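The values are calculated or read from the model by the stated rules, or taken from the named source; none is laboratory data. Bear in mind that the values here come from a model prediction, so they are computed numbers and not experimental data. Counting neighbours? That spans all protein chains shown, and the Cβs are built from the backbone with ideal geometry, glycine included. For the accessible areas, the whole protein counts, side chains as well, though only heavy atoms, and no ligand, DNA or RNA atoms are used. Shrake-Rupley method; radii C 1.70, N 1.55, O 1.52, S 1.80 Å.
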Amino acid sequence: MSLIPSFFGNRRSSVSDPFALDVWDPFRDFPFPSGYSSALSSQFPPETSAVVNARVDWKETPEAHVFKTDLPGLRKEEVKVEVEDDRVLQISGQRNIEKEDKNDTWHRVERSSGMFSRRFRLPENVKMDQIKASMESGVLTVTVPKVEVTKPDVKAIEISG
């Protein structure tokens, strides 16, 4: 259960995630007068808005770490999943801007475009050579299997005497 009210977007990001790029701007949609904008949103150029919008859920099961990313409208060919030698998982890609026709009149543009990239340091107990990725209905799922923990054999020793 989240202690953060729903007007923050129901985000469940971890404060301890050093790679989290979640930036919430409370005034992003505020109707500022012409020439003014939120100080936070003005720090990021418009082409980076897709970076902030690439939301990732990371859960750990007994068998694997599972990452799910919502990437609506993207094909699997437009998304890259890479793992660096030092156990860093990177999910990246690009959402292209829709081509404009000079005869069209835009009334609202809310869908983000541009490059996105999310990086996560994987724990030591993963099988780096068995990572799998799939994409279905605009949701990318990356499964990182965990190394099986073998429990030592416990033998009962008879006590004499």
Counted residues in region 85-108 being in a strand (DSSP E or B) and either open to solvent by less than 70 Å² (accessible area, probe 1.4 Å) or modelled with pLDDT of 90 or more (or both) come to 7
Checked region 118-150 for anything under 14 Å from LEU74 (Cβ atoms), part of a loop (DSSP other than H, G, I, E, B) and open to solvent by less than 100 Å² (accessible area, probe 1.4 Å); matches are GLY138
Cβ pairs under 7 Å, 6+ apart or interchain, first in region 138-161 and under 30 Å from LEU71 (Cβ atoms), second open to solvent by 100 Å² or more (accessible area, probe 1.4 Å) and at pLDDT 85 or above, ordered by first then second residue, are THR143/LYS132; PRO145/GLU63; LYS146/GLU63
Flagged in region 55-82 as hydrophobic (A, V, I, L, M, F, W, C), over 12 Å from the mean Cα position of the chain (by Cα) and not in a strand (DSSP E or B), in numbering order, are LEU74
MET115 passes all but one of the listed conditions (1) at pLDDT below 90; (2) part of a strand (DSSP E or B); (3) open to solvent by less than 70 Å² (accessible area, probe 1.4 Å); the exception is number (3)
Checked region 49-73 for anything farther than 18 Å from LYS146 by Cα and either open to solvent by 30 Å² or more (accessible area, probe 1.4 Å) or modelled with pLDDT of 90 or more (or both); matches are SER49, VAL51, ASN53, ARG55, VAL56, THR69, ASP70, LEU71, PRO72, GLY73
